[in-house]
Every structure is written in C-alpha cells, then in structure tokens.
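What follows is one structure encoded as structure tokens, with my remarks underneath.
Read the figures in this text as sums done on the coordinates, not as results from a lab. Bear in mind the structure is a predicted one, so any value in this text is a computation, not a measurement. Cβ coordinates were reconstructed from backbone atoms using ideal geometry, including for glycine residues, and neighbour counts include every protein chain displayed.
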C-alpha cells in the first residue's frame with residue numbers, strides 16, 4: 001500500500017512538532033511547515049530519526065498563494081496529501097478597547113483563514129481518491145471564551161464551525177474533518193503569553209500559570225503534547241471514517257464546567 005502523506009502547519013515547534021514526531025514514528029510521509037530560521041534542519045532531524053520521506057516549506061499562513069504552492073509542491077513530490085492538520089496559530093492578549101487591529105487580522109488570518117485555504121487546496125485530491133482526513137487544532141477557546149482573547153476566541157470558534165461544515169460536505173467522499181480542542185499545552189506560544197497575561201491581570205509572572213492558565217481546568221496540569229499526537233493519529237486512520245464533525249476537548253475538564 002502507498003504510504004500516506006500528512007501536511008502539518010506550524011510543525012517545526014510546539015504542538016505541531018509534537019504531532020509531527022508522532023506521525024513520523026508511525027511511518028507517515030511528512031510535509032513540515034514553519035517560519036523558524038532552522039525549520040529545515042528540524043524537519044530533517046525528525047524525518048531522519050524515523051527514516052521517513054519528507055519535505056519542508058516555509059509558506060506563510062497569511063499568504064494564500066504560498067499555501068497553494070506548498071500543496072502543489074507536496075502533491076508533485078508525494079502524489080497528494082492524505083491528511084491535513086491545520087495547526088499553525090498565534091495569540092495576543094489585550095482588552096477589546098486596546099486590542100491592536102493588526103493583531104486581530106493576523107490572528108484571524110493564521111488561525112482561521114489559512115485552514116480554509118489549505119482545506120480548499122487539498123479537497124479535490126481527497127475527493128478524487130475517496131479518502132481524506134482533515135484535523136483542525138482548535139482550542140478549549142473554540143468551545144468557551146476567556147476575557148482579553150477576543151481575536152483568538154473568535155478564530156477558534158470559527159474554526160470549529162468550519163470543521164462541522166467540512167465534515168458534512170466531505171461525508172459522501174470519505175473525507176472526515178474534526179477539531180481537537182486542547183487546554184493549555186506548554187509550548188513557546190503559551191510561554192510568550194506569560195508577560196502579557198501578568199500585565200493584563202496585574203499579577204506577577206510567577207503566578208500566571210496557577211491563577212490564569214490552569215485556573216479553569218479541573219485537572220491543574222498542562223496537557224501533554226503527546227496526547228494531542230495520539231488523538232490526531234486516531235483521527236487519521238482508515239477506520240476512523242465515522243468520526244467526523246466533532247470538537248474533541250483535551251482540556252483537563254475545562255469545558256465540562
């Protein structure tokens with residue numbers, strides 16, 4: 001059988017890198033993506049460790065033409081994309097009245113618009129092959145809201161809604177679409193929020209994890225990235241065809257309250 005190919009955006013750091021490592025360990029061909037200056041080296045190291053074929057793209061999520069080109073290059077190399085994981089994301093924390101407009105547009109663009117453009121790009125191939133798995137890394141903030149995160153919450157709620165629509169349209173063609181909604185995962189994206197959260201809430205940076213990040217979770221622990229990888233792997237297999245249109249919380253009980 002032909003090896004399956006997975007494209008993971010934002011896969012040279014944080015959650016995306018953790019998911020990429022999980023798929024590489026299972027023998028998937030990988031399309032890495034990221035803007036880190038050493039992204040190509042990171043991709044080569046992960047792929048080399050597991051002996052899998054790969055390519056790396058530095059496509060910017062805010063550039064629809066670059067996203068389309070990434071899919072075209074991957075299709076030329078591997079014959080198509082079987083699994084798309086829309087993971088790339090950014091965050092900014094500020095009250096609505098002082099939220100920078102450019103941050104709003106970038107957050108919506110990277111967290112939501114990019115998922116649309118990439119889904120649209122891979123759709124014809126998946127439809128033709130009668131197989132596709134689209135996994136959107138949303139957030140607990142795709143299910144519930146928090147103050148000072150207007151753009152992120154709007155984007156992630158939109159991503160969950162887009163997931164449901166894609167699931168309905170993909171069902172006749174064995175294309176599934178699901179969202180994974182994690183709570184806080186200790187990644188560079190989360191670590192960069194600490195100073196902003198401390199300033200916005202008026203507390204020391206040392207208290208941000210307990211008083212802000214994990215406060216709403218019933219389980220007071222960061223979500224391990226390996227758990228997200230295992231869930232993504234489950235949603236990617238042939239036998240997961242009846243799991244679609246879901247928003248699966250991996251959030252320590254946050255959204256249960």
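Structural remarks
- With contributions of -39500 (n - 2.57) from each DSSP H run of at least four residues, the per-residue ellipticity at 222 nm computed over the chain stands at -13000 deg cm²/dmol.
- The three principal axes of the Cα atoms in segment 196-242 give end-to-end lengths of 49, 20, 17 Å, sorted in falling order.
- If the segment from residue 68 to residue 106 were pulled out straight at 0.36 nm per residue, it would be longer than the present Cα-Cα gap by 11.8 nm.
- Angle between the chain longest axis and helix 64-78 axis [Cα atoms, degrees, rounded to 10]: 40
- With eigenvalues of the C-alpha gyration tensor scaled by 5 and rooted, the chain, Å: 30, 19, 18
- In plain terms, the residue of 200, 176, 242 with the fewest other Cβ atoms within 10 Å comes first and the most crowded comes last, giving 242, 200, 176.
- Principal-axis analysis of the Cα atoms of the chain puts helix 39-50 at an angle of about 60° to the longest axis.
- Dividing the convex hull volume of the alpha carbon atoms of segment 153-212 by its residue count gives 93 Å³ per residue.
- As a rough footprinting exposure proxy, the listed residues 6, 153 were ranked by other beta carbons within 10 Å of their own, and the order from fewest upward is 153, 6.
- Modelled spin labels at residue 256 and residue 37, positioned 7 Å past Cα toward Cβ, are 4.5 nm from each other.
- Rounded FRET efficiency, nearest 0.05, which uses the C-beta distance separating residue 120 from residue 191 and R0 of 35 Å: 0.60
- Helix axis angle, 14-25 relative to the chain longest principal axis, alpha carbon, degrees: 30
- Projected over every direction and averaged, the convex hull enclosing the alpha-carbon atoms of segment 37-155 yields 8.8 nm².
- Computed log10 I(q)/I(0) for segment 141-257 at 0.17 Å⁻¹: -0.90, from the Debye equation with unit scatterers placed on every C-alpha and solvent omitted.
- Length released on extending from residue 242 to residue 45, taking residue separation times 0.36 nm less the Cα-Cα span: 67.5 nm
- Per-selection metrics, segment 112-173 (Cα): Rg and Dmax in Å: 13.2, 43
- Taking only the alpha carbons of segment 81-139, we obtain Rg and Dmax values of 14.7, 48 Å in that order.
- Relative contact order %, the chain, counting alpha carbon pairs below 8 Å whose residues are six or more apart: 19
- For segment 1-91, the convex hull drawn through the C-alpha positions has a volume of 84 cubic angstrom per residue.
- For segment 1-149: relative contact order, % (alpha-carbon pairs under 8 angstrom, 6 or more apart): 24
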